[in-house]
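Okay, structure first, notes after.
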Amino acid sequence: MFAAIRKAQDHINLETYIIDDGEIGRQFADLLLEQQGRGVQVNVIYDSVGGFNTPKAFFKRLTQGGIEVLEFNPVNPLKVKKQWLVNNRDHRKLLVVDGRIAFLGGINISSVYASGSVARRTGKADGNTVAWRDTHVQIEGPVVGEMQKLFMGTWEKQRGKPLAPKEYFPALKAQGNEIVRAIGSAPDDPYSLIYLTLISAIGNAEKQVYLTNAYFVPDPQLLKSLSDAAARGVDVKLILPSHSDSEIVFHAGRSHYSSLLNAGVKIYERAGPLLHSKSAVIDGVWSTVGSTNLDWRSFLDNDEINAVILGRDFAQKMQGMFATDLARSQAIDLESWERRPLSFRLKEWMARVWGRLL
């Protein structure tokens, strides 16, 4: 992303849930300010809750440098000029450069993703913070225009200032052999297209369904889709976290293990860095990477964005990544799971009660 920003000639549009005032966040800020000073228009959307712990001085520095900064659904209702929707959060992670190249996935602007040698050796971004394992993709071609539309649609709905006139939609030629689709969702949509697309893909799977996800609080339909796929002989594997930054979400997800394992679904928990990835690969041809977790909040309350990629070459890379994660994961055995401590069961029951709100 840094390399693409440095090469920008016309504009940079960044939409993110979190932008921390840490080493990585400051590097982003410095680079964006440098490009704005060169005449490249920079527009930034950040979520009010995601950016709650980021000092206002961080964003003030950006605006003073000429960058247009928009706070998504401010937590302070006095700053809102429309209906206050505090539960609607912008969970997207999207960077569009010159309308020609896009990056999206699960990565926020944060130092937890530090990739220095220390992080690789110890699984830590610094002396105290556990590093995170995530997935992001770089995309070029006509679909970038659709991602640009999603960014500009959010800017308009949030009543941002009119964007500076730039070449936001250049002519784009096809790149590569894969078919790529950008799918956005928001609470005011009649339904979550991301959710329906995933359910449809699982429902039509013939050989494999491999899901990697950070926050697993499934609704009944997703549970049924996974169980039905396993019942018809599909190899259904889930890689989920072995620890989480949200204990209640972690235990709510675990509360579904018994029913899934009994249905033939294979579950693995990823060891090491905190798993934050949101990806899937199905039948070696259908893949998705994005910001969407497998929970109620992502499908009903958040603005999210995913890329769906149809192609065997990309799917093969996704399967390789899945295999790497699998090798670093521990299988959850039904017999052993049923012998888990009562304290675990109580936590799971209590967390599940709040599942719809997570």
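Residue-by-condition table, conditions (1) more than 19 Å from Leu104 (Cβ to Cβ); (2) surrounded by fewer than 18 Cβ atoms within 10 Å (Cβ to Cβ):
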residue	(1), (2)
Ala252	yes, no
Ser259	yes, yes
Asn262	yes, yes
Tyr268	yes, no
Leu310	no, yes
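Among all positions in segment 107-126, there is at least one residue which is at pLDDT below 95, of a type in the set (Asp, Glu) and outside any strand (DSSP E or B). A count restricted to segment 325-354 and to residues that are farther than 30 Å from Thr135 by Cα, surrounded by fewer than 11 Cβ atoms within 10 Å (Cβ to Cβ) and either in contact (Cβ under 8 Å) with a residue 40 or more places away in the chain or of a type outside the set (Lys, Arg) (or both) stands at 5.
Here are some residues: Pro162, Pro220, Pro190. Which one is without any contact (Cβ under 8 Å) to a residue 12 or more places away in the chain and within 22 Å of Gln41 (Cβ to Cβ)? Talk me through it step by step, then tell me what you get.
Working: Pro220 fails: within 22 Å of Gln41 (Cβ to Cβ); Pro190 fails: within 22 Å of Gln41 (Cβ to Cβ).
Answer to the check: Pro162.
For the residues Arg340, Arg312, Arg328, the requirement of being farther than 30 Å from Phe72 by Cα, among the basic types (Lys, Arg) and in contact with a strand residue (DSSP E or B) (Cβ under 7 Å, 6 or more places away or on another chain) singles out Arg328.
Thr288: part of a loop (DSSP other than H, G, I, E, B), touching a residue at least 24 places away in the same chain (Cβ under 8 Å) and among the β-branched types (Val, Ile, Thr), yes or no? Here the answer is no, as Thr288 does not meet what is asked. Filtering segment 175-184 for residues that are at pLDDT 95 or above, of a type in the set (A, V, I, L, M) and over 29 Å from Ala323 (Cβ atoms) leaves an empty set. The single condition among (1) within 30 Å of Pro170 (Cα to Cα); (2) modelled with pLDDT under 80 that Lys81 does not satisfy is (1). The residue pairs whose first member lies in segment 1-24 and is at positive phi, whose second member is in a helix (DSSP H, G or I), and whose beta carbons are closer than 6 Å, counting only pairs six or more residues apart or on different chains, do not exist in this structure. Restricting attention to segment 296-350 and to residues that are acidic (Asp, Glu) and modelled with pLDDT of 95 or more, the residue that is farthest from Val49 (Cα to Cα) turns out to be Glu335.
Per this entry, Ile332 is not counted among residues that are in the same structural domain as Ile202 (by TED's automatic domain parsing) and within 29 Å of Asn88 (Cβ to Cβ). Residues in segment 303-358 that are in contact with a helix residue (DSSP H, G or I) (Cβ under 9 Å, 6 or more places away or on another chain), within 30 Å of Asp188 (Cα to Cα) and not in a helix (DSSP H, G or I): Asp303, Glu304, Ile305, Asn306, Ala307, Val308, Ile309, Trp354, Leu358.
Scanning segment 127-164 for residues that are modelled with pLDDT under 95 and aliphatic (A, V, I, L, M), we see that the one that is surrounded by the fewest Cβ atoms within 10 Å (Cβ to Cβ) is Val130. Total residues in segment 192-229 satisfying the condition of being closer than 11 Å to Ile282 by Cβ and outside any helix (DSSP H, G or I): the figure is 8.
Whenever a residue of segment 40-58 is assigned by TED's automatic domain parsing to the domain that holds Ala8, its partners that are assigned to a strand (DSSP E or B) and hydroxyl-bearing (Ser, Thr, Tyr), lying with C-beta atoms within less than 7 angstrom and at least six residues away or across chains, give the pairs Tyr46/Thr16. Does at least one position in segment 196-208 carry a residue that is exposed (fewer than 13 other Cβ atoms within 10 Å of the Cβ), hydroxyl-bearing (Ser, Thr, Tyr) and modelled with pLDDT of 95 or more? Scanning segment 196-208, I find at least one residue that is exposed (fewer than 13 other Cβ atoms within 10 Å of the Cβ), hydroxyl-bearing (Ser, Thr, Tyr) and modelled with pLDDT of 95 or more, so the answer is yes. In segment 55-70 there is no residue matching the filter, namely being surrounded by fewer than 22 Cβ atoms within 10 Å (Cβ to Cβ), modelled with pLDDT under 95 and over 25 Å from Lys166 (Cα atoms).
The values are calculated or read from the model by the stated rules, or taken from the named source; none is laboratory data. Nothing here was measured: the structure is a model prediction, and the numbers come from that model. Please note: Cβ atoms are built from the backbone with ideal geometry, for glycine as well, and neighbour counts cover all protein chains shown.
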